[in-house]
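What follows is a short report on a single structure.
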Amino acid sequence: MDFNQIRYFLALAETLNFTRAAEQCYVSQPALTQAIKRLEVELGGDLVVRDGRYTELTELGKSLRGHFQQIDQTRHLVRSTAKAVTSGEVAELNIGLMCTIGPGVLSGMLDAFRMEHPMISIVLHDVKPSSIADLLLSGALDGAFCARHGPPHPQLHYANLFEEAMVIAFPSGHEFSEREFVPLNDVTEQNYIDRLHCEFRDEVNESFRDQNLQLDVVFRSEREDWIQSLVRDGIGVTCIPQYSLLRPELDHRPIVDPVLSRKVDFVVAERAEKLPALNMLREWAIGHEWPVYVPATSPT
């Protein structure tokens, strides 16, 4: 028994005419007739009774018609599912989200992508900057949103999405609230909370060292939520990417002298070309209207 035999029988059961059933199935009448006969042999009984121009389903044919319709529906479902999967319309993507990137800047883009591609499921994984390359190359992650640190990895493909300022975060009502920007030397007069997971941490610290400035570090932590809670409670200030800020109680100002910023990329391994759904997400991210970065300037 094959799908064509079932398709031919269903057409015959609908039309009760071999000629019209053959035309409906785009085959010759002899071919359709032979297929029905082979099906009857396999099932051990007649499916149709043909008497001249008169054709009628037998009791066996009537009994099996519903089952054959279910098989044909399943055939269509299997084909459409296979087409959807191979085209990337149905898939599950494991996407890394670097722990220092706040969800606010990404959530709108991701939601718009979900609305356009509802059959693509995205699992977001909180990942450390140092682990992203290995996770992508091993296949544990399909792609990742990250801020590139150092030279690009030769086996990874990067697509720049947006640039964001590195800012000083402080609680509402802090003295920095009255300013348009904060020079580095003013940060040294504050208690400082060190963000250990920031991929930009070395560059920030180097900027202080270049100016012979010494930070008064009161706490160090890998937890972004803890750091922001400490800042909210007035324990200190911290240098943080602008879109990483989550707590509404926090205020911030850009850093100047020097101006500091970071670029956020969507990165994939070379094998990404074989994953249509991942390419859809990548192109969607590239085409998204991201916030425009305007560097802060201080008066000369």
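State the antiparallel share, in %, of DSSP beta bridges confined to the chain, rounding to the nearest 5.
The answer is about 60 percent antiparallel.
Along the positive direction of the dipole of the chain (beta-carbon charges: Lys, Arg +1; Asp, Glu -1; about the Cα centre), which of PRO152, CYS25, PRO276 reaches farthest?
CYS25
If you put +1 on each Lys and Arg Cβ and -1 on each Asp and Glu Cβ, how big is the dipole of segment 179-300 around its Cα centre, in Debye rounded to 20?
260
For segment 259-285 and segment 123-151, what is the centre-to-centre distance using only Cα atoms, to the nearest Å?
Measuring centre to centre over Cα atoms gives 11 Å.
Consider the candidate values (1) 32.1, 105; (2) 21.0, 70; (3) 19.4, 60; state which one is Rg and Dmax of the Cα atoms in Å computed from the structure displayed.
Correct label is (1).
Compute the Cα gyration tensor for segment 1-71, then decide on rounded, prolate or oblate, letting a ≥ b ≥ c be the square roots of its eigenvalues: rounded whenever a/c is under 1.5, prolate when a/b is larger than b/c in the other cases, and oblate in all that remain.
rounded
In segment 1-53, which trypsin sites (Lys or Arg not before Pro) fall in coil by DSSP and have 16 or fewer other Cβ atoms within 10 Å?
The qualifying sites are ARG53.
With loop defined by DSSP as not H, G, I, E or B, and exposure as at most 16 other Cβ atoms within 10 Å, which is the longest segment of the chain clear of exposed chymotrypsin sites (Phe, Trp or Tyr not before Pro)?
The segment 27-292 is the longest one with no such site.
Pull up the DSSP beta bridges for segment 1-154 and report the antiparallel fraction as a percent, rounded to 5.
25
Alpha carbon centre of segment 174-194 versus segment 3-33: separation in Å?
With segment 174-194 and segment 3-33 each reduced to a Cα centre, they are spaced 81 Å.
With axes computed from alpha carbons, what is the tilt in degrees of helix 276-287 against the longest principal axis of the chain, rounded to the nearest 10 within 0 to 90?
Taking the Cα atoms of the chain, the angle to 276-287 is about 40 degrees.
Measuring with a 1.4 Å probe in the full set of protein chains, what accessible area per residue, in whole Å², belongs to the chain?
54
Which angle between 0 and 90 degrees, to the nearest 10, do you get for helix 29-43 versus the longest principal axis of the chain when only C-alpha atoms count?
Rounded to the nearest ten degrees, it is 90.
At a 1.4 Å probe radius, carbon and sulfur cover how many percent of the accessible area of the chain?
Exposed carbon and sulfur together represent 51 percent of the surface.
The values are calculated or read from the model by the stated rules, or taken from the named source; none is laboratory data. Keep in mind that what you see is a predicted model, and the values were worked out from it rather than measured. In this analysis, Cβ positions are derived from the backbone assuming ideal geometry, glycine residues included, and neighbour counts consider all displayed protein chains. For accessibility, only protein heavy atoms count, side chains too; no ligands or nucleic acids. Shrake-Rupley method; radii C 1.70, N 1.55, O 1.52, S 1.80 Å.
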